1. Tell me, in nm to one decimal, what length is gained between Glu336 and Met98 on full extension, where the rule is 0.36 nm per residue of separation less the Cα-Cα distance?
2. Whole angstrom only: what separates the Cα centroid of segment 233-300 from the Cα centroid of segment 149-212?
3. Take every DSSP beta bridge with both residues inside the chain and express the antiparallel ones as a percent of the total, to the nearest 5.
4. Which residue fluctuates the most in the chain, going by a Gaussian network model with Cα springs under 10 Å, if the choices are Arg364, Arg125, Arg174?
5. So how much slack lies between Glu53 and Glu82, counting 0.36 nm per residue of separation and subtracting their Cα-Cα distance, in nm?
6. Can you tell me the orientation of helix 236-257 relative to the chain, as the angle in degrees between its alpha-carbon axis and the longest Cα principal axis, to the nearest 10?
7. If each residue of separation counts as 0.36 nm, what is the full-extension length gain between Lys414 and Ile145 once their alpha-carbon separation is subtracted?
8. Each label point is 7 Å from the Cα along the Cα-to-Cβ direction; what then is the distance between the points at Ala429 and Ser196, in nm?
Amino acid sequence: MSAKAPPPYPVKRMCLKDIDDVGHLLTIAWIHDLKWRGDELFLTLRDGTAVKEFKVVKGRELLKNLPCESIVQVKGHVKKDELKIEELKVIVKAPGKMPIDIRNPAPEDVERFTKYSYLVLRSPRYAKMLVVQQWLVYYAREFLIGRGFIEALPPMISPCSDPGLRGAKKLRTRLYGYEYELMSSVIMFKQALASSLERIFFVARNVREEPADNLKTGRHLCEFTQIDIEWAFASMWDVMKLAEEMLKYTIEKVMDRCKSIIEEFNPDLKAPSPPFKALTYEEAVELLRDHGVETPKGKELTQEGERVLSSMFDEPIWITHYPKTSRGFYYIEAPEAPGHNRDFNLLLPKGYGEVIDGGEREYRLDKIIERLKLMGEDPTRYSWFLDLARIGIPPSAGFGLGVERLTRYVLGLKYIWEAVPFPKVPGIAPTP
Ligand code: AMP
Ligand code: MG
């Protein structure tokens, strides 16, 4: 092709969102829907900016035998919602019936939904979710950067990742013949970075092979994202306050920026109003017992327990001071509650459950080794981190916030697999 050849498609194509009442139309779009109502033909076009329905008053024959999801270049005229097609060029012809209904992909059929995730994301509903998710991450970043936190790029693999996973398994790979793990969480790396910049965060992807049974919770993925912060010399109460303010800021900003989407998805959403109520783990266990839910001794609250607690409140609620034996090796024991950590979970209300997990970190080498042994871990696998602790790490506190869980809550989605492109869900493989 000569350098002077014209581009194959119009340079100045119009976006559907900019097409108003009257005028000339030149666009490229997907055929989202095509149906007869009586003797009138309605064409719904979709592009990256909008979905629009037109009544076709001229050029109907050009649409004959064109299946939905075909990509067409349309030239014509629009008057109100009436479209006169002058010219139609087929850019990609779809093969016919789609394996999933893109206008309404049913998330309750999780096998199909995840198998065809590459088509599901074309649905207008999914596209709106992606937009909201972008703004959630954007405003969380804006908030943290405004508070002096520096964002770093997260690692993906390491010889040792976080072992405190509540029954989930880590995934492994190899590098130059050595066994590596994919990041289940970046906790140790956060502590290392906090030794440099003091206030840091990652937007980190984590992978975990969740027990297949966790599909039922509707809030577990095998690949998810944490906004993961660490703050040197801060206490657990400092970071809890930071998390409260960050949630309020982020949700308020998104409610404003994505007003019409939130009104469509979740009209009852309220921005949270800190400070949130806090229960200690022991208080939560008692409260659950009153409601007929038992918690196994020395263990985290059960999924059912979390769901029940989260259903009792209409604001987020903190649970603090979990038993030492129930959680990761990296939490520090609370002087005010021996046998318990200085740690916390934030439960979202209305049954949405845990969204934030964090606490104050153990930074003393001998205590870290003691805790690793208590958890049945082999300390030699954590050699780089122990070498670092031998040199010295600052006391710090931090937390991780699950982005897909927050998206699910903000949009009132029934299932977390509606809150991420290309979901990997417990017990189902292979998926894209
Ligand atoms: P954890 O260290 O397991 O407590 O994870 C920290 C945060 O990441 C949690 O509070 C959740 O918001 C999120 N998270 C953890 N596991 C999952 C999962 N399987 N699917 C989605 N989000 C998760
Ligand atoms: Mg947790």
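What follows draws every value from the coordinates through simple rules; no lab data is involved. Worth saying up front: this structure is predicted, and the values here are computed from it rather than measured. As a convention, Cβ positions derive from the backbone with ideal geometry for all residues, glycine included, and neighbour counts pool all protein chains shown.
1. Working: separation 238, 0.36 × 238 = 85.68 nm, distance 6.01 nm.
Answer, rounded to one decimal: 79.7 nm.
2. 24 Å
3. Looking only at bridges with both residues in the chain, the antiparallel portion is about 90 percent.
4. Highest fluctuation among the options: Arg174.
5. My answer for the length gained is 9.5 nm.
6. Approximately 10 degrees, to the nearest 10.
7. 93.7 nm
8. 3.2 nm
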